[in-house]
Structure formats: C-alpha cells, structure tokens
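Heads up, the thing below is written out as structure tokens.
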Amino acid sequence: MDTQWLTDFVQMQGTSFVINLVAAIAIFVVGRWAAKLLNRLAIKAMQRGRLDPLLVKFLGNILHALMLIFVVLAAISQVGIQTTSLIAVIGAAGLAVGLALQGSLANFAAGVLVIIFRPYKIGDYVEAGGVAGTIDDVQIFTTELCTPDNRRIIVPNGQMMNGAITNYSSHDIRRVDLVVGVGYDDDIDTVRRVLEAVVADDPRVLADPAPNIRMSAMGDSSVSWIVRPWVKAADYWDVHWEMTEAIKRRFDAEGIRIPFPQRDVHVYHHGERTAERPAAALER
C-alpha cells in the first residue's frame, strides 16, 4: 500500500502548523507592544482633553485589558482554533466564574460608580473603607491610597463605596477647630483679647469667613473656649500645630493658666481611726 501521500500530507500540515504557530507568537508579541503604545496614546489624548485624572486612569486600564483580549483572540485564531466556539465557551465559563466571583463584579461596579459620581479624585485625602490616605490610583477592582507615613494601601472599590466617605480635599478652605481651657480666675476679656491677637497675627488665617472665638462651656476644671479660624486646605495642619503653640506661649506671657484636674484629700483624726474624704475636683 502506497502511504507516501499520507507522509507528504502530514509533513505539509506540520510545516503549516509551525508557520502558523510562529505567526501567532509574532501577533501576540507585536500586538502586546501595540496595545501598550495605543493605550499610552489614548491616555495622552484624554489628558489633552483635560479629562479628570481619575477617569483617565480608569478608562486606560479598561482599554488596555480589552486590547489584550483582542490580541489573544487574534493569536489563537492564527493557530487555527475557531474563535467563535472559543468565545462561546469563554462566555459560559465567564458566567460561572462571575457567579463565583460576585465580589469582584461588585468591585468593578463600584469602580464605575466612582467614575460617575466622583466622590474623590486623584490627589484627594479621604477617609473611607476603614482607611485614610491620599488617592493614588483607581484600578478596575481596587483603589490605591498612600498614607501620610508613606504606606501603600490597596482597598477593594466595593469597600470604598460601601460606607461614608470623608473627603478632606473637596474644598479649597477648611476650618481649624481648637478648644482651649483656662482657669475660672482668669479674666474673660483678657483671654478673648489674647486669642484674637494670636489669630490676627497669623497671615494664613482668612478674613472671610471670619474667625469665630467664643466661650463654649464651663467644665469641672476649666472654662473652655473655641478658636475656629478658616485657612486654605494646604495650610490646615501647619496652622493647627503652630497656633496651638502660639496660644500656649501667649498665655504664659499674660499669666493665663491652663488648669488641669486636681483632687484635695482631707484627713480627719478621730481617736485611733483615720478617715479620708476625697473632695470634688477644685478649679485652679
């Protein structure tokens, strides 16, 4: 029996398969490089269009993922695998995986909600999902934050959107809230004058809205005053710390005391017994 034709066919098919495999590898390598290039160009185009940096990064991540999927399908098709059937199989598998990974789909949906409603943007300092930090990036499933001590925190988007979000960078100005305690013996007008002088001497304090300085409460050990100046958001912590120090220095110079809780113990002798009766905290 003549089998030469079968040998020739196998050799021809083998050569064709090797050529197709090499072509598929080339498609994957070049396609991956092209996907990165097109993704960078798309990001630059969106940046030139002055889109929000958060939206640019999120859309860039999705676009890059879609282009990689297209490249993989093109490479598989070059080998000879029917992509139509493969897509159907992937779709069925994707449904099963999606049911198993409902949390990941929820994180993706939360990422879309972040883009739509924009509760925060890149560079904002926020408190959400049980963590606090500056928003560095919003991925398809996660949000990356950087803490003030330079730690990187990766939080699922669903966790970020599943509770209250406090955005400290949303407005250009913030109010510094200070509470100062003075003694009951200190003159009210003197205390008010000193606090107003400290606020007025700081050039970072804004005139509008006007600072608020009021006596707020009479406690067990001290009279509490609130000092609430408005400053630019970038100056918040510097003003908070430096104004606290300035108030202490001015109080020392003016003889205004900052009291602390004290307890007087009175000892009474009755024959051989000694009794101690603690008195209420007295104001100093």
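Against the condition of a type outside the set (Phe, Trp, Tyr), in a strand (DSSP E or B) and buried (at least 19 other Cβ atoms within 10 Å of the Cβ), how does Leu145 come out, does it pass? Yes.
Matching residues to (1) buried (at least 16 other Cβ atoms within 10 Å of the Cβ); (2) in contact with an Asp or Glu (Cβ under 6 Å, 6 or more places away or on another chain); (3) at pLDDT 90 or above:
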| site | (1), (2), (3) |
| --- | --- |
| Leu195 | yes, no, yes |
| Val199 | yes, no, yes |
| Pro209 | no, no, yes |
| Ser224 | no, no, yes |
| Pro229 | yes, no, yes |
| Ala246 | yes, no, yes |
| Arg284 | no, no, no |
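For segment 163-178, the set of residues classified as surrounded by 14 or more Cβ atoms within 10 Å (Cβ to Cβ), assigned to a loop (DSSP other than H, G, I, E, B) and at pLDDT below 95 consists of Ile165, Tyr168, Ser169, Ser170, listed by residue number. Within segment 107-124, if we keep just the residues that are farther than 27 Å from Leu73 by Cβ and part of a helix (DSSP H, G or I), the residue that is modelled with the lowest pLDDT turns out to be Ile116. Among all residues of segment 149-167, there is none that is of a type outside the set (A, V, I, L, M) and in contact (Cβ under 8 Å) with a residue 60 or more places away in the chain.
From the list Ala74, Ala45, Ala24, which one is crowded, with 16+ Cβ neighbours inside 10 Å and either modelled with pLDDT of 75 or more or within 43 Å of the chain's Cα centre (by Cα) (or both)?
Details: Ala74 fails: crowded, with 16+ Cβ neighbours inside 10 Å; Ala45 fails: crowded, with 16+ Cβ neighbours inside 10 Å.
Only one candidate qualifies: Ala24.
Going through (1) among the polar types (S, T, N, Q); (2) over 30 Å from Tyr120 (Cα atoms); (3) buried (at least 19 other Cβ atoms within 10 Å of the Cβ) one by one, Asn157 falls short only on (2).
The values are calculated or read from the model by the stated rules, or taken from the named source; none is laboratory data. All values reported here derive from a predicted model rather than from experimental measurement. Glycine gets a Cβ as well: all are built from the backbone with ideal geometry, and neighbour counts include every protein chain shown.
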